[in-house]
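Heads up: the structure comes next, in structure tokens.
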Amino acid sequence: QVQLVESGGGLVQAGGSLRLSCAASGRTFSSYPMGWFRQAPGKEREFVAAISWSVGNTHYADSVKGRFTISRDNAKNAVYLQMNSLKPEDTAVYYCAARRFRGLSEIDREYNYWGQGTQVTVSS
């Protein structure tokens with residue numbers, strides 16, 4: 001079992017930066033691929049980024065590639081999402097997720113554990 005708690009959201013002006021954190025509990029955290037998703041009002045949840053358990057592989061949505069960076073620290077049971085050059089269209093609730101099986105995935109139903117989400121609002 002893995003429990004996830006996100007933090008670091010807030011209000012920022014366009015062009016600014018935020019760093020989201022996801023604190024995980026559970027003995028097998030280091031073996032789980034992790035992902036970040038987001039959901040804007042009136043829209044479906046969408047994939048943002050994922051990172052493999054070995055920290056060797058990452059994958060990003062085209063909309064955030066070059067602006068966002070996902071990383072993890074298995075010793076601290078944490079995953080991070082550094083968001084730079086933020087745009088108003090990045091406004092959403094951001095969720096951290098973990099999946100029990102190896103491999104990166106963009107599909108939310110393939111993730112088994114979810115945090116409660118943290119709000120990110122980017123003003124123009």
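The values are calculated or read from the model by the stated rules, or taken from the named source; none is laboratory data. All values reported here derive from a predicted model rather than from experimental measurement. Note that each Cβ is placed from the backbone with ideal geometry, even for glycine, and that neighbours are counted across all protein chains shown. Note: areas computed on protein heavy atoms with side chains; ligands, DNA, RNA excluded. Shrake-Rupley method; radii C 1.70, N 1.55, O 1.52, S 1.80 Å.
Please compute the per residue accessible area over the chain with all protein chains in place, 1.4 Å probe, rounded to a whole number of Å².
52 Å²
If Lys and Arg each add +1 and Asp and Glu each add -1, what is the summed charge of the other residues whose beta carbon sits under 12 Å from the beta carbon of R67?
That works out to -1.
Once phi is turned into ³J(HN,Hα) by the Karplus curve 6.51 cos²θ - 1.76 cosθ + 1.60 with θ = phi - 60°, what whole-Hz value does each residue of segment 111-124 show in order, with x for glycine and proline?
Computed from phi, the couplings for segment 111-124 are 9, 9, 10, 9, x, 8, x, 9, 7, 10, 10, 10, 8, 8 Hz.
What nm distance separates the two modelled labels at S25 and D62, each placed 7 Å from Cα along Cα→Cβ?
Spacing of the two 7 Å Cα→Cβ label points: 4.1 nm.
Under a 1.4 angstrom probe, counting protein chains only, how are W36, W53, W114 ranked by accessible area, largest first?
The residues order as W53, W114, W36, largest area first.
Got the relative contact order for the chain handy, in percent, Cα pairs under 8 Å and 6 or more residues apart?
So the answer I get is 36 percent.
Under 26 Å Cα to Cα from K43, which lysines show up? Leave out anything in the same chain fewer than 8 places away.
Within the straight-line limit of under 26 Å, K43 reaches these lysines: K65, K87.
Per the 1.4 Å probe, what fraction of the accessible area of segment 1-104, in percent, lies on carbon and sulfur atoms?
Of all accessible area on segment 1-104, carbon and sulfur atoms account for 47 percent.
Separation of segment 57-124 and segment 1-56 by C-alpha centroid, Å?
4 Å
Peptides 8-16, 73-81: what's the order by average Cβ count within 10 Å, highest mean first?
73-81, 8-16
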